[in-house]
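For reference, the structure is listed below as structure tokens.
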Amino acid sequence: MRFRVALVAAAAALLAGQPIRSQAVELNVTHFGTGMYGVPYAIAKEKGYFREAGLDVTGFLTSAGGGTTVRNVLASELPYGEVALPAVIAAAQQGIELTIVHAGVASVADQVWVARKDDMRIKTVQDFKGKKLGYSSPKSVTDMITSMMLDANGLAGQVERRSVGGVGAGLTALREGAVDMTYVTQPVWAKEKDNFRLVFNSTEWAPHVMQNVGVVKTEFLKKNPQLIRGIIEARRKAVVFIRENPDEAAKIMAKEYKIDEAQAKAALKDVLSSGGVYWSPGDFDYEAMNTMLKGLQLVKAVDTGPFDWAKIVDESYLPEVLTRKPKS
């Protein structure tokens, strides 16, 4: 109840242009600390952007992703979070009332595919034939990416795909010969580059994919619109800061993620130099969203047929600086 009262007070202060007394809270961010998705949130926390929105963000609630993060959002006092788009689509199809209020990560540039350094058999896509390919889990992004790649190259049914779980388990399977190639994500790849051979980056197979989006429990959103606008703006400022100050961003990332600064710097460099937008400042890219949808339909994670984004997306909470941008 005290949290609810504080939110109402914060919203009133925002509307009146008055200083806001920050409310301590933890935010839900999928794979925070192990994936690149959470870096803008670490920046926004460190630079005080969340405090400008009336929130004293003390930390982040995270999970292994998917439906778990959606459930965490629904159970939180502040039911907002950055969540994998497939999990949001699945929740919407189950009738759960969530609203997508901003875009998140619009690329798979953080995801690479590696082989053992002493194994030179796989150099081209056609070399996959008859090999064992590790991916995380059924109906995951790695399941989707590999399915799209094999389907596009006429290799469906000619490659043995194995679910290996998380990145660490996948690398163990690779070392022991249980798979011939597996995935690694940043920032782990920045640490492991000298131990494995890079074969492909996922952007070579799917250059334009929306991985994550910001969602809010619809009922909460209606009652606290200014608070959500403040969070979206804080994240947008952080994305701009990362692009303009990558070295300082790496220091903040290293501190929050508890990794070496060199590892953070290398991971940031990789995703920022991938040739496309990695962190969206928040505006929606429906082409990237539809690519994700088609991939999910390919792996039978969601029903086939058209999907009405308008039923779960509300662009009205985006800051004006984004709504005035030309549509991509």
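The set of residues in the range 232-277 that are among the polar types (S, T, N, Q), out of contact with any helix residue (DSSP H, G or I) (no Cβ under 7 Å at 6 or more places or on another chain) and at pLDDT 95 or above contains only ASN245.
So which of GLY130, GLY134 ends up being in a loop (DSSP other than H, G, I, E, B) and either touching a residue at least 40 places away in the same chain (Cβ under 8 Å) or on the phi > 0 side of the Ramachandran plot (or both)? Full working, then the answer.
Working: GLY134 fails: in a loop (DSSP other than H, G, I, E, B).
Only one candidate qualifies: GLY130.
Residues of the range 302-328 being touching a helix residue (DSSP H, G or I) at 6+ places or on another chain (Cβ under 6 Å) and in a loop (DSSP other than H, G, I, E, B), which ones?
Hits for the range 302-328 are VAL302, THR304, PHE307, ILE312, PRO319.
Where in the range 220-288 are the helices (runs of 4 or more DSSP H), entirely inside, with at least 3 residues that are of a type outside the set (Gly, Ala, Ser) and within 26 Å of ALA310 (Cβ to Cβ)?
So the answer is 225-244.
Quickly run through the range 66-86 and pick out the residues that are closer than 29 Å to LYS269 by Cα, open to solvent by less than 10 Å² (accessible area, probe 1.4 Å) and not in a strand (DSSP E or B). Residues satisfying the conditions are THR69, LEU85.
Does VAL209 count as touching a residue at least 60 places away in the same chain (Cβ under 8 Å), in a strand (DSSP E or B) and open to solvent by less than 10 Å² (accessible area, probe 1.4 Å)? Criteria not met by VAL209.
The values are calculated or read from the model by the stated rules, or taken from the named source; none is laboratory data. What you see is a predicted model; the values in this text were computed from it and never measured. Glycine gets a Cβ as well: all are built from the backbone with ideal geometry, and neighbour counts include every protein chain shown. Just so you know, the surface numbers come from the protein's heavy atoms only, side chains and all, with ligands and any DNA or RNA stripped out. Shrake-Rupley method; radii C 1.70, N 1.55, O 1.52, S 1.80 Å.
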